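As structure tokens, the structure follows; a few thoughts come after it.
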Amino acid sequence: MICPNCEKQTDEYIDKCPHCGCNFPHPSPEPEARPRKDRPAPTVRCPHCGKELRRQAAFCKWCGTSLSAPQPEAGRSAAPDTAPAPQAAPDPTSADCPRCGKPVNVQAAFCKWCGRKLR
């Protein structure tokens, strides 16, 4: 690297010029144009309804489709049709699933962790 102040050659992995002492500007890292192939995407799409979900979800929180098991045949439900209403929670946007106890969005129709129908 050449120092922008004194124009002398320096090591490219240092913060200050050893000749004049000026600080080197560090370019901000450029954002990647596309996701790296060695790193999984943070979200996945439900194969049934197409909604975007977190990669860790085992079930779609909107339609209840299992994200790890084979897809059900057409006309069959991915989750049981009967379920009690979720318990009221102090947080208006979050509740605990009655089956697994994990937090779910109150607008979700199904638990994204265990697939339980919520409404």
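The values are calculated or read from the model by the stated rules, or taken from the named source; none is laboratory data. Computed from a predicted structure; not experimentally measured. Virtual Cβ from ideal backbone geometry, glycine too; neighbours counted across all protein chains shown.
Could you pull out the residue among Asp11, Asp81, Asp38 that is closer than 30 Å to Gly115 by Cα, out of contact with any Lys or Arg (no Cβ under 8 Å at 6 or more places or on another chain), of a type outside the set (Val, Ile, Thr) and modelled with pLDDT under 75?
On the way: Asp11 fails: closer than 30 Å to Gly115 by Cα; Asp81 fails: out of contact with any Lys or Arg (no Cβ under 8 Å at 6 or more places or on another chain).
Unique residue meeting the criteria: Asp38.
For segment 14-35, how many residues meet the condition of being modelled with pLDDT of 80 or more and among the acidic types (Asp, Glu)?
0
Kindly indicate whether Gly50 is modelled with pLDDT of 80 or more, under 20 Å from Lys117 (Cα atoms), more than 19 Å from the chain's Cα centre (by Cα) and exposed (fewer than 12 other Cβ atoms within 10 Å of the Cβ).
Values: modelled with pLDDT of 80 or more: yes; under 20 Å from Lys117 (Cα atoms): yes; more than 19 Å from the chain's Cα centre (by Cα): no; exposed (fewer than 12 other Cβ atoms within 10 Å of the Cβ): yes.
It is false that Gly50 is modelled with pLDDT of 80 or more, under 20 Å from Lys117 (Cα atoms), more than 19 Å from the chain's Cα centre (by Cα) and exposed (fewer than 12 other Cβ atoms within 10 Å of the Cβ).
Condition check: modelled with pLDDT of 85 or more and either of a type in the set (S, T, N, Q) or surrounded by 17 or more Cβ atoms within 10 Å (Cβ to Cβ) (or both). Does Cys60 satisfy that?
Working: modelled with pLDDT of 85 or more: yes; either of a type in the set (S, T, N, Q) or surrounded by 17 or more Cβ atoms within 10 Å (Cβ to Cβ) (or both): yes.
Judged against the criteria, Cys60 is a match.
From the list Gln87, Gln107, exactly one residue is in a loop (DSSP other than H, G, I, E, B), surrounded by fewer than 13 Cβ atoms within 10 Å (Cβ to Cβ), modelled with pLDDT under 60 and polar (S, T, N, Q). Which is it? Before you say what the answer is, go through the steps one by one.
Working: Gln107 fails: modelled with pLDDT under 60.
Among Gln87, Gln107, only Gln87 is in a loop (DSSP other than H, G, I, E, B), surrounded by fewer than 13 Cβ atoms within 10 Å (Cβ to Cβ), modelled with pLDDT under 60 and polar (S, T, N, Q).
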